[in-house]
Amino acid sequence: MSKLTTKHLNDVQRPRVSLTGYDSAASIRQTGCTRAGSNDTSRWPRPPTRRPAGLARNTTKELFYLSHAKVMNDKDSAVEIVLQGVVLCPQYLFIDNEWVGAVSGKTFPTIRPHDGKTVAQIAEADKIDVNRAVAAARRAFRRNSEWRLMTPSARGRLLHRFADLVERDADYLKTLETTDNGMVHTMTHIMVETAVNILRYTGGLADKIHGTTIPSDFEGLSYTLKQPVGVCGLILPWNAPILMFVNKVATALAAGCTVVVKPAEQTPLTALALVALLAEAGMPRGVVNVVTGYGPTAGAALTHHPHVAKISFTGSLEVGKLVLQAAGATNIKRVTLELGGKSPLVIFDDADLNVALPFATEGVFAHQGQVCMAASRLYVQAGVYDEFVRRAVEVAKNRKVGDPFLTETQSGPQDEERDQNRNLLKSRPGSERSHVATVIEIASKTTRLREQIFGPVQSIMRFETLDEVIDRANDTNYGLAAGVFTSDIQTALQFSNLVEAGTVWVNNYFAFGPHNPFGGFKDSGFGRENGIEGILEYLDTKTVNIAFPQTI
């Protein structure tokens with residue numbers, strides 16, 4: 001369909017809420033919710049004296065379900081989205097498997113980037129709320145708790161049930177993501193599919209974490225154990241909320257950790273929906289907690305908390321430095337940082353431009369350039385430089401910018417509040433908000449070749465030799481990703497070996513899999529996500545030495 005409409009959504013089958021497979025031990029004691037999309041900022045009292053309107057109650061499981069949510073399309077008509085079991089309570093935090101209000105009672109708005117309208121009021125967590133969440137996670141991690149007694153295979157089955165529920169409510173999650181984030185609807189489809197793949201893969205890894213047996217120099221046995229580090233603080237970026245929630249949470253749970261999630265204040269809604277699905281999947285109390293709020297308050301409280309063993313942060317370099325300082329302020333936390341990049345993409349004379357051009361275009365313009373590994377520095381060899389620039393300009397001119405819910409839209413809104421370079425990116429005339437046109441600049445040495453723009457700006461530069469372009473590609477403080485297009489395998493291998501980047505793509509760009517470790521060099525951060533290496537970030541290694549009995 002070309003446009004998301006009420007008619008299309010009304011055609012969707014509306015099954016009754018099913019609690020099949022729901023673990024009563026993980027039941028949620030609901031303290032009140034509001035409709036997503038409502039501008040009503042009134043709060044239900046704590047504890048509530050009556051059931052909030054729009055909620056159906058299942059007395060057996062003591063679980064409330066939001067019957068539907070209102071999400072506004074571009075013509076401001078209400079679109080009903082069926083929540084097949086999804087709990088969405090934006091004015092509340094999720095702590096110890098309960099929806100609870102912020103102690104201060106404060107809320108803040110989450111804004112739809114497409115037109116700047118308020119989608120919902122969100123609970124504003126502060127230090128005291130973070131303390132409650134960490135305390136719940138600590139209880140869940142105690143020896144002999146339900147979570148600690150759960151076998152690795154059972155943790156894997158939990159993640160597979162979570163994947164089933166994400167698939168079940170995929171349409172709702174995609175709509176919620178586009179509404180709150182501005183990501184074009186065709187891209188949210190890819191994000192949700194990728195999230196399910198991550199859950200399936202990581203669930204399969206849960207029972208494959210093991211140590212090693214080590215030859216010893218004494219009469220005995222030496223072996224290692226891999227054990228979860230404890231309570232983890234997971235701080236999400238605003239540009240890919242669903243993917244980042246699933247990636248970080250699934251990895252921590254597979255390792256056996258408990259977590260407190262702090263979503264970006266700009267895009268909190270899908271984190272609340274996803275944690276409700278986790279509870280429905282049978283997650284024990286306190287294992288995953290979500291606190292919504294601002295970085296300087298809720299985020300700072302989480303990174304400074306002495307009972308948090310690890311922080312995983314994805315975001316800007318500036319904030320990453322603050323996280324690193326906070327991690328050593330009260331205790332020594334393990335830290336994983338992914339801080340973006342200024343990634344080079346190199347196109348040699350022998351490359352097939354029909355293949356290279358689409359990858360180069362999507363590599364920097366996808367999601368309006370709001371991607372950490374965007375190919376924002378494009379180096380084209382002299383022999384094909386003129387032709388490539390001509391074709392690249394034509395493609396950029398014809399890129400469709402507009403309503404993110406339209407299937408033909410290739411670039412959605414560029415949110416001015418989130419954009420770090422708003423004076424560079426000019427809004428397209430006639431747009432409702434910052435629907436930013438693509439920008440191509442023929443660059444040599446400018447500040448923008450070193451700074452992460454996080455917008456649809458493609459800098460194209462000419463080069464002559466392999467040695468030259470390797471030096472120029474590495475002339476940055478970032479090192480997240482790089483790409484090269486060439487038909488010469490020796491050129492590809494040499495570039496891949498010498499470029500300073502955590503991920504290198506050859507004759508493709510943005511090819512991902514949950515089994516591929518992902519992370520950066522230099523100021524792009526350290527530690528890895530995805531695959532076996534991603535799970536190891538959440539584990540401690542213990543060495544055990546056992547002496548054999550002495551024989552007479």
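The values are calculated or read from the model by the stated rules, or taken from the named source; none is laboratory data. Predicted model only: the values in this text are computed from it and were never measured. With ideal geometry, Cβ positions are generated from the backbone for all residues, glycine too; neighbour counts draw on all protein chains shown. With ligands, DNA and RNA removed, areas are computed over all heavy atoms of the protein, side chains included. Shrake-Rupley method; radii C 1.70, N 1.55, O 1.52, S 1.80 Å.
Which length gain, in nm to one decimal place, applies between Q550 and Q490 when the Cα-Cα distance is subtracted from 0.36 nm times their residue separation?
15.7 nm
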Enumerate the calculated ³J(HN,Hα) couplings along the range 228-242 in order (Karplus 6.51 cos²θ - 1.76 cosθ + 1.60, θ = phi - 60°), each rounded to whole Hz, writing x wherever the residue is Gly or Pro.
x, 6, x, 7, 10, x, 10, 10, 9, x, 8, 7, 8, x, 4
Flagged links, alpha-carbon separation over 22 Å, of K208/K248; K208/K522; K127/K542; K248/K310; K117/K321; K117/K174
K208/K522; K127/K542; K117/K321
Calculate, axis by axis, the spread of Cα positions in the range 81-339 along the three principal axes, and write the results as whole Å, longest axis first.
72, 39, 32
Would you mind working out the accessible area per residue for the range 182-226, using a 1.4 Å probe, and quoting it in Å²?
51 Å²
Any chance you could check the Cα centroid distance between the range 495-512 and the range 165-188 for me, in angstrom?
29 Å
Can you give me the long-range amide H partners of F463? Hydrogens built in the peptide plane at 1.01 Å from N, cutoff under 5 Å, separation of 5 or more residues or another chain.
V380, Q381, A382
Radius 14 Å from Cβ of C232, net charge of other residues (Lys, Arg +1; Asp, Glu -1):
+3
Local electrostatic count, G383, Cβ distance below 11 Å [Lys/Arg +1, Asp/Glu -1]
-4
Phi-based couplings in Hz for the range 139-150 (Karplus 6.51, -1.76, 1.60; Gly and Pro marked x):
4, 5, 8, 5, 4, 6, 6, 4, 5, 5, 7, 5
Alpha carbon centre of the range 213-280 versus the range 98-139: separation in Å?
21 Å
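Probe radius 1.4 Å, ligands and nucleic acids ignored: give me the carbon and sulfur share of the accessible area of the range 81-339 as a rounded percent.
Roughly 56 percent of what the probe reaches on the range 81-339 is carbon or sulfur.
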Give me the accessible area of M150, 1.4 Å probe, in Å² rounded to the nearest 10.
40 Å²
What number comes out for the charge environment of V249, summing +1 per Lys or Arg and -1 per Asp or Glu over other residues with Cβ under 15 Å away?
+3
